[in-house]
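Encoded as structure tokens, the structure appears first; notes follow it.
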Amino acid sequence: MSNTAWIEALADLQQQGEPCVLVTIIEERGSTPRNAGSKMVVSRERLYDTIGGGHLEYKAQQIAREMLEKRSRDTRLERFSLGASLGQCCGGATVLLFEPMGQPQAHIAVFGAGHVGRALVPLLASLPCKVRWIDSRDNEFPAEIPRGVEKVVNDDVVEEVDNMSAGSYFIVMTHNHQLDLELTAAILSRNDFTYYGLIGSKSKRARFEHRLRDRGFQPETVQRMRCPMGIAEVKGKLPVEIAVSIAGEVIATYNAHFGEKGGEKAEDGEKPVPMLVPASRRAQTN
């Protein structure tokens with residue numbers, strides 16, 4: 001494999017929005033299988049390039065995949081003695097640097113390719129987010145889909161709710177109120193999301209709350225729905241103004257959810273999620 005394989009893999013994975021970990025030998029002592037500076041890239045599915053093979057590479061792969069599973073954003077240093085415990089007889093020692101790359105802070109499903117959806121998705125695509133943009137109407141999507149966004153055309157968009165991982169963000173803004181209601185019911189039934197926002201007015205929220213209660217949803221579950229969604233202080237009715245408001249709320253949520261250091265406890269001065277949303281908005285869900 002060529003010395004540039006890891007560079008090409010990193011570029012390809014980042015273009016696809018696929019998270020990975022770059023593993024680098026930063027120190028070598030004694031006899032080691034590869035020199036300092038050797039690198040490999042670990043994605044969820046594959047390895048690219050090599051740091052020498054054997055059990056050392058296997059252990060490095062395990063650590064990298066564990067970091068991907070936890071969505072870690074922190075770099076990590078690990079020292080390995082290349083002795084019997086690693087099944088390698090070199091007798092040297094190696095220090096590895098693990099660097100998470102392209103780890104999205106939010107996996108987001110956006111339902112609806114209307115005016116606000118077309119304004120919102122490019123904003124989300126410019127953030128550390130992985131976006132699935134879903135609609136039943138192929139002709140509503142723009143000709144150019146932002147890089148890193150997965151376009152999904154499905155006649156039954158409600159099916160796509162189950163295709164998102166736990167902890168995902170859901171944003172619903174379809175062309176049909178009944179479809180909005182069915183999507184809301186499917187999302188609230190999961191109740192394992194980080195954020196659910198529904199476009200609409202306070203009166204729409206009241207109607208939906210009534211219908212959801214009739215379907216047996218508990219009040220505390222329904223209260224997790226943000227409708228109207230977005231930051232109230234961002235005024236305006238233009239699609240881009242609404243989109244900026246929604247994107248701001250998404251940013252506030254994932255910053256508080258992940259913290260400044262990849263999920264560690266927030267430092268002094270950082271506010272929890274509810275306090276990042278203005279009081280005028282919090283009151284709607286109390």
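The values are calculated or read from the model by the stated rules, or taken from the named source; none is laboratory data. Computed from a predicted structure; not experimentally measured. Neighbour counts run over all protein chains shown; Cβ positions are idealised from the backbone, glycine included. Surface areas here come from the heavy atoms of the whole protein model, side chains and all, with no ligands, DNA or RNA. Shrake-Rupley method; radii C 1.70, N 1.55, O 1.52, S 1.80 Å.
Per residue, how much accessible surface does the range 110-149 expose to a 1.4 Å probe? Answer in Å², no decimals.
43
From zero outward in steps of 5 Å, how is the percent of C-alpha pairs of the range 111-209 spread across the bins?
Pair shares across the bins are 2, 12, 25, 25, 21, 11, 3, 0.
On a C-alpha basis, how far is the centre of the range 202-220 from the centre of the range 19-80 in Å? Whole number, if you could?
Measuring centre to centre over Cα atoms gives 49 Å.
Evaluate the relative contact order of the range 160-249 (contact order divided by residue number), counting alpha-carbon pairs under 8 angstrom at least 6 apart; express in whole percent. The partial results should precede the final answer.
Values: 98 pairs, mean separation 22.0, N = 90.
Value for the range 160-249: 24 percent.
When all protein chains stay in place, what accessible area (Å², nearest 10, 1.4 Å probe) is found for residue 80?
My reading of the accessible area for residue 80 is about 20 Å².
Quick one: of 204/237; 151/237; 151/202; 204/235, which pairs are farther than 21 Å apart, Cα to Cα? Please report the intermediate quantities before stating the final value.
Values: 204/237 17 Å; 151/237 26 Å; 151/202 30 Å; 204/235 19 Å.
Where the Cα-Cα span goes over 21 Å, the pairs concerned are 151/237; 151/202.
Given charges of +1 on the Cβ of Lys and Arg and -1 on the Cβ of Asp and Glu, with all other atoms neutral, how large is the dipole of the range 89-223 about its Cα centre, in debye to the nearest 20?
Numbers: 14 positive and 17 negative charges, 102 e Å.
Magnitude of the dipole: close to 480 debye.
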